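Down below is the structure, laid out as structure tokens.
The values are calculated or read from the model by the stated rules, or taken from the named source; none is laboratory data. Treat the numbers as computed from the prediction; the structure is a model and nothing was measured. Please note: Cβ atoms are built from the backbone with ideal geometry, for glycine as well, and neighbour counts cover all protein chains shown.
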There are 2 protein chains.
Amino acid sequence: MAKELKQLTSRTVSYSQWYQDLVIKADLAENSAVRGCMVIKPYGYAIWEKMQRQLDDMFKETGHVNAYFPLFIPKSFLSKEAEHVEGFAKECAVVTHYRLRSKADGSGVEVDPAAKLEEELIVRPTSETIIWHTYRNWIQSYRDLPILCNQWANVVRWEMRTRLFLRTAEFLWQEGHTAHATRDEAEIETRKMQAVYAEFAEKFMAMPVVKGVKSASERFAGAVDTYTIEAMMQDGKALQAGTSHFLGQNFAKAFDVTFTDKTGKLDHVWASSWGVSTRLIGALIMSHSDDNGLVLPPALAPFQVVIVPIYKGEEQLNTINEKVAGIVSKLKALGVSVKYDNADNRKPGWKFAEYELKGVPVRLAMGGRDLENNTIEVMRRDTLTKETITCDNIETYVKALLDDIQANIYQKALDYRTTHTTVVDSYDDFKAKLDEGGFFLAHWDGTPETEELIKNETKATIRCIPLEGDMTPGVCMVTGKPSVQRVLFARAY
Amino acid sequence: MAKELKQLTSRTVSYSQWYQDLVIKADLAENSAVRGCMVIKPYGYAIWEKMQRQLDDMFKETGHVNAYFPLFIPKSFLSKEAEHVEGFAKECAVVTHYRLRSKADGSGVEVDPAAKLEEELIVRPTSETIIWHTYRNWIQSYRDLPILCNQWANVVRWEMRTRLFLRTAEFLWQEGHTAHATRDEAEIETRKMQAVYAEFAEKFMAMPVVKGVKSASERFAGAVDTYTIEAMMQDGKALQAGTSHFLGQNFAKAFDVTFTDKTGKLDHVWASSWGVSTRLIGALIMSHSDDNGLVLPPALAPFQVVIVPIYKGEEQLNTINEKVAGIVSKLKALGVSVKYDNADNRKPGWKFAEYELKGVPVRLAMGGRDLENNTIEVMRRDTLTKETITCDNIETYVKALLDDIQANIYQKALDYRTTHTTVVDSYDDFKAKLDEGGFFLAHWDGTPETEELIKNETKATIRCIPLEGDMTPGVCMVTGKPSVQRVLFARAY
């Protein structure tokens with residue numbers, strides 16, 4: 001019965017319903033009482049913590065430090081960088097008052113009209129404006145540069161249609177904001193962080209990504225260039241997994257941030273900003289999971305191994321407990337995170353289904369016969385294959401198995417992407433194949449008009465102009481005009 | 001010149017100006033463009049990260065998990081627990097609209113009046129209401145209990161008079177929210193977390209605290225009992241450093257959260273909540289620092305050791321670099337965090353002043369004569385004493401020195417508290433001595449009226465009813481009525 005409750009909609013029936021079921025049933029997140037805002041449940045948050053820790057280490061290794069800037073942004077700040085406000089700053093949570101009062105009839109509280117703010121405050125949708133306002137006081141000379149700050153924070157964008165992790169009104173993210181003395185340095189930083197994101201996606205999330213640059217119409221509002229990593233989900237749609245923006249001197253000019261260079265000349269500061277969010281959890285789910293539940297890469301699983309005892313009576317349980325304790329400590333000594341679930345309120349079958357649903361990479365089970373034979377049953381979540389092996393050196397076996405799982409799910413995702421990436425040369429061909437999903441490499445004449453036409457007719461967008469791969473020029477599949485290189489088209493999340 | 005810029009107001013001239021100077025000049029935090037909201041600068045944030053990591057480990061060791069709940073709370077939720085809203089929920093940031101629009105005259109953006117929320121949203125001042133609303137769906141039976149969640153988050157309380165770290169409109173904190181099947185279990189949890197906070201304060205912050213219970217008038221709004229840890233600052237004032245609340249069934253009743261116990265009986269769930277915030281950074285500063293700047297306990301210093309080379313010419317610098325590299329790697333192998341500052345844009349004197357100001361626990365300096373003699377100069381920040389010692393086994397020497405500094409600053413703070421704690425028996429005596437500052441142990445008749453009278457006449461409040469120490473009954477210093485035990489009075493931050 002419990003098992004049926006956990007049943008997911010099959011991906012072939014409805015991919016989006018499968019996703020929704022999985023997020024809820026694996027206890028990752030749920031909708032809250034506040035429209036569009038999610039509650040991230042402990043198991044989902046544990047994945048985020050793993051991601052955070054790894055990314056934070058990588059940011060620090062590349063010379064960044066963390067800081068914290070205000071949640072609120074004065075409304076007037078948003079008007080300072082014209083493209084920035086035009087681009088996306090409209091759908092925001094606006095704070096207009098700072099006090100409640102008890103209602104006269106005692107029925108609750110109401111907003112105190114006397115406590116109206118002189119200038120409304122916007123809950124940050126992103127922090128370029130407040131941070132560049134702050135940097136103005138931090139920067140006088142080239143000696144104050146570079147500034148390499150990151151912040152872990154919540155942001156709010158008032159989305160109308162929301163979806164757990166993928167698009168929520170409030171989400172958690174990190175935003176890096178760097179300041180540099182030269183254009184070159186800022187551009188190197190921008191690309192460096194794109195590379196950090198790509199490495200994180202591929203090595204830790206086991207999710208292959210295409211590195212590229214956004215077309216002008218898909219650029220971050222206020223950026224000169226937006227670098228992106230694009231991943232393919234199992235339904236063939238693209239997901240933008242992280243972006244790194246070269247901001248030129250736009251925000252420095254808007255907030256009047258100048259510095260004296262080594263020659264004594266005054267110039268505006270150069271900038272980058274870059275971010276990834278809890279959206280990555282959605283990407284992780286949709287990259288690897290199956291109809292039985294989550295499939296997590298060992299590098300980001302809240303725990304990598306679960307051990308379940310199968311026993312008759314307390315005496316046998318005690319013997320298993322003792323035997324398992326030795327295995328647990330050997331696994332931990334190798335840096336493997338492990339949970340031993342000998343709780344007596346659930347049957348082994350229930351536990352098996354539960355940990356399968358939650359995507360624990362390796363499950364070990366030990367029963368009476370295993371005790372006799374000095375063996376243990378090993379199941380790997382990615383292939384669902386089982387084998388019974390000796391307990392001798394089980395820890396090195398499991399350690400190697402985890403590496404194998406990490407490599408295997410990456411390869412599987414890469415193979416999927418390879419077989420679902422099509423090189424097309426005619427627009428008819430493009431339109432005909434688009435419904436099958438996947439990435440399309442096609443020539444484009446570089447104009448926003450052609451891009452817009454394709455988007456309107458097909459709902460496919462240019463995900464990026466790839467930085468690697470085939471760089472041969474050609475002719476646009478729509479207009480026949482010259483094209484510098486193929487670009488990546490897909491329908492996207 | 002640079003050194004003068006770093007000069008702090010002396011504590012004897014103005015303790016509050018000294019504090020303000022120190023926070024700014026040591027690059028810990030600054031005021032932002034948003035009234036009452038601070039920017040936590042990288043060095044200040046690095047201290048917070050150290051605190052977070054340690055506390056998070058302690059929470060996890062005691063069985064807690066992290067989760068994340070929405071930033072916004074529907075206005076109606078605040079009315080549900082009557083005492084809660086009466087107590088403090090009034091000074092809040094209120095979101096009334098969800099969209100901006102461009103002004104017709106093109107001069108910027110304005111709030112779109114069409115985008116008014118049906119129900120206003122409150123930026124969380126604390127999350128009991130939204131969390132207990134969520135727990136309602138998580139809890140059916142005793143099998144779902146206990147729930148032991150913590151969240152790291154930002155909260156907003158619209159304070160009129162703010163002070164960096166100590167009282168800001170937005171601050172960072174953690175809030176634990178637990179749910180239990182029995183009163184007993186919830187009370188044990190409440191006290192357990194008070195003990196965790198006390199251990200953190202004493203072992204890591206090197207800040208002695210008094211553990212106690214709040215009087216009814218000082219209790220958290222909606223709590224049955226508030227447990228607190230109270231620390232003494234160097235000006236003799238008290239600072240509430242952390243609180244843990246036993247909430248009884250108050251929030252479960254307000255949000256209708258019930259469970260079926262083992263016998264099949266339906267009951268309301270029992271609760272605790274507990275939190276510490278970035279205010280702890282203020283407490284840390286005011287516990288140990290001096291007129292030269294910060295004094296940080298090694299356990300929470302962003303880096304524990306700084307090494308400065310004193311050299312003439314590149315060749316000598318290279319020799320020092322080589323020698324120091326060996327010391328650095330030996331220190332790191334012992335788990336000591338170390339920064340080698342051989343930047344050539346600042347003189348050693350400037351660096352010495354800078355790291356003194358920033359409270360780096362140990363400074364090592366190596367010059368030409370040290371090279372010849374295989375020695376190094378060691379300065380400890382807490383006592384500012386210097387000695388020149390051999391480089392042989394310098395790492396074990398420094399490691400032991402760090403432990404000694406940690407113990408010494410704790411002892412110094414404890415001694416200060418001991419000499420500034422007075423047992424008083426008459427109200428006249430109490431009033432006469434109060435201006436000298438410090439803690440006062442006095443008898444109180446247990447009534448809110450007497451407490452209120454003392455507060456109005458002296459600005460001193462009951463910080464707590466101590467859980468340890470002298471438990472002898474007596475008579476109230478004001479009314480002469482019976483008193484169960486002495487309570488702790490002080491003026492407070």
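State whether one or more residues within the stretch A:341-357 are out of contact with any helix residue (DSSP H, G or I) (no Cβ under 9 Å at 6 or more places or on another chain) and touching a residue at least 60 places away in the same chain (Cβ under 8 Å). Yes: one or more hits.
In a residue-by-residue description of the stretch A:384-394, the property of being of a type in the set (D, E, K, R), part of a helix (DSSP H, G or I) and farther than 23 Å from A:I24 by Cα applies to no position. Is one or more of the residues making up the stretch A:220-231 of a type in the set (V, I, T), at pLDDT 95 or above, in contact with a Cys (Cβ under 6 Å, 6 or more places away or on another chain) and assigned by TED's automatic domain parsing to the domain that holds A:T126? Yes, some residue in the stretch A:220-231 is of a type in the set (V, I, T), at pLDDT 95 or above, in contact with a Cys (Cβ under 6 Å, 6 or more places away or on another chain) and assigned by TED's automatic domain parsing to the domain that holds A:T126.
Screening B:E387 on (1) exposed (fewer than 14 other Cβ atoms within 10 Å of the Cβ); (2) charged (D, E, K, R); (3) more than 25 Å from B:K358 (Cβ to Cβ) shows it passes everything except condition (3).
Taking (1) without any contact (Cβ under 8 Å) to a residue 60 or more places away in the chain; (2) over 24 Å from A:V65 (Cα atoms); (3) under 22 Å from the mean Cα position of the chain (by Cα) in turn, A:T319 satisfies each apart from (3). Evaluating A:N137 against the criteria (1) within 30 Å of A:Y493 (Cβ to Cβ); (2) of a type outside the set (K, R); (3) part of a helix (DSSP H, G or I) leaves one unmet condition, (1). Of the strands (runs of 3 or more DSSP E) contained entirely in the stretch A:1-99, those carrying at least 3 residues that are of a type outside the set (D, E), within 21 Å of the chain's Cα centre (by Cα) and buried (at least 16 other Cβ atoms within 10 Å of the Cβ) fall at A:38-40.
Based on what the data block shows, is B:A442 out of contact with any Pro (no Cβ under 9 Å at 6 or more places or on another chain), among the small types (G, A, S) and surrounded by 14 or more Cβ atoms within 10 Å (Cβ to Cβ)? Steps first, please.
Working: out of contact with any Pro (no Cβ under 9 Å at 6 or more places or on another chain): yes; among the small types (G, A, S): yes; surrounded by 14 or more Cβ atoms within 10 Å (Cβ to Cβ): yes.
Yes.
Looking only at the stretch A:61-80, which residues are in contact with a Ser or Thr (Cβ under 7 Å, 6 or more places away or on another chain) and more than 7 Å from every other protein chain (Cβ to nearest Cβ)?
Keep residues of the stretch A:61-80 that are in contact with a Ser or Thr (Cβ under 7 Å, 6 or more places away or on another chain), which gives A:69-70, A:73, A:77-78, A:80.
Selection gives A:I73, A:F77, A:K80.
Condition check for A:V305 on (1) buried (at least 18 other Cβ atoms within 10 Å of the Cβ); (2) out of contact with any strand residue (DSSP E or B) (no Cβ under 8 Å at 6 or more places or on another chain): one failure, at (2).
Within the option set A:V85, A:V94, being farther than 23 Å from B:Y43 by Cα, facing chain B (nearest Cβ under 9 Å), of a type in the set (A, V, I, L, M) and touching a residue at least 40 places away in the same chain (Cβ under 8 Å) holds for one residue only, A:V85. Residue under question is A:P113, and the condition is that it be over 26 Å from the mean Cα position of the chain (by Cα), in a loop (DSSP other than H, G, I, E, B), more than 7 Å from every other protein chain (Cβ to nearest Cβ) and surrounded by fewer than 23 Cβ atoms within 10 Å (Cβ to Cβ); does it hold? Here the answer is yes, as A:P113 does meet what is asked. Listed here are the strands (runs of 3 or more DSSP E) enclosed by the stretch B:170-232 that have at least 2 residues being more than 13 Å from the chain's Cα centre (by Cα), in contact (Cβ under 8 Å) with a residue 40 or more places away in the chain and within 14 Å of chain A (Cβ to nearest Cβ): B:170-180. Pairing residues of the stretch A:430-441 that are under 21 Å from A:L414 (Cβ atoms) with residues that are assigned to a helix (DSSP H, G or I), at Cβ distances under 9 Å and at least 6 apart in sequence or on separate chains, gives A:G438/A:R417; A:G438/A:T419; A:F439/A:R417; A:F440/A:F430; A:F440/A:K433; A:F440/A:L434.
Per-residue answers, yes or no, for (1) in contact with a Pro (Cβ under 9 Å, 6 or more places away or on another chain); (2) over 30 Å from B:F251 (Cα atoms); (3) of a type in the set (A, V, I, L, M):
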site	(1), (2), (3)
B:Q20	no, yes, no
B:L28	no, yes, yes
B:P74	no, no, no
B:F77	no, no, no
B:E81	no, no, no
B:V85	no, no, yes
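Can you name every residue in the stretch A:118-147 that is surrounded by fewer than 19 Cβ atoms within 10 Å (Cβ to Cβ), closer than 28 Å to A:A93 by Cα and at the interface with another protein chain (Cβ under 9 Å from one of its Cβ atoms)? Across the stretch A:118-147, the qualifying residue is only A:N137.
Across the stretch A:100-110, the qualifying residues are those that are part of a loop (DSSP other than H, G, I, E, B) and loosely packed, with under 15 Cβ neighbours inside 10 Å, and the one among them that is farthest from the other protein chains (Cβ to nearest Cβ) is A:A104.
Yes/no per residue for (1) more than 30 Å from A:G474 (Cα to Cα); (2) of a type outside the set (S, T, Y); (3) not in a loop (DSSP other than H, G, I, E, B):
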{"residue": "A:L401", "(1), (2), (3)": "yes, yes, yes"}
{"residue": "A:D404", "(1), (2), (3)": "yes, yes, yes"}
{"residue": "A:D415", "(1), (2), (3)": "no, yes, yes"}
{"residue": "A:D425", "(1), (2), (3)": "no, yes, no"}
{"residue": "A:D429", "(1), (2), (3)": "no, yes, yes"}
{"residue": "A:L441", "(1), (2), (3)": "no, yes, yes"}
{"residue": "A:T450", "(1), (2), (3)": "no, no, yes"}
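Mind listing just one residue for me: the one in the stretch A:37-55 that is of a type outside the set (V, I, T) and more than 9 Å from chain B (Cβ to nearest Cβ) and, of those, nearest to A:M286 (Cα to Cα)?
If we filter the stretch A:37-55 for residues that are of a type outside the set (V, I, T), which is where we start, we get A:37-38, A:41-46, A:48-55.
From the residues that got through so far, the ones that are more than 9 Å from chain B (Cβ to nearest Cβ) too are A:50-55.
On the way: A:K50: 18, A:M51: 16, A:Q52: 19, A:R53: 22, A:Q54: 20, A:L55: 20 Å.
Restricting to residues being of a type outside the set (V, I, T) and more than 9 Å from chain B (Cβ to nearest Cβ), the top hit is A:M51.
Looking only at residues in the stretch A:346-382 that are acidic (D, E) and in a helix (DSSP H, G or I), the one that is nearest to the chain's Cα centre (by Cα) is A:E356. The single condition from (1) touching a Gly at 6+ places or on another chain (Cβ under 7 Å); (2) on the phi > 0 side of the Ramachandran plot that A:H443 fails is (2).
Each residue in the stretch B:244-266 was checked for being farther than 23 Å from B:E175 by Cα and touching a residue at least 12 places away in the same chain (Cβ under 8 Å), and 4 of them qualify. Give the residues of the stretch A:445-459 that are crowded, with 19+ Cβ neighbours inside 10 Å and either under 27 Å from the mean Cα position of the chain (by Cα) or aromatic (F, W, Y) (or both), sorted by residue number. Scanning the stretch A:445-459 gives a single hit, A:E451.
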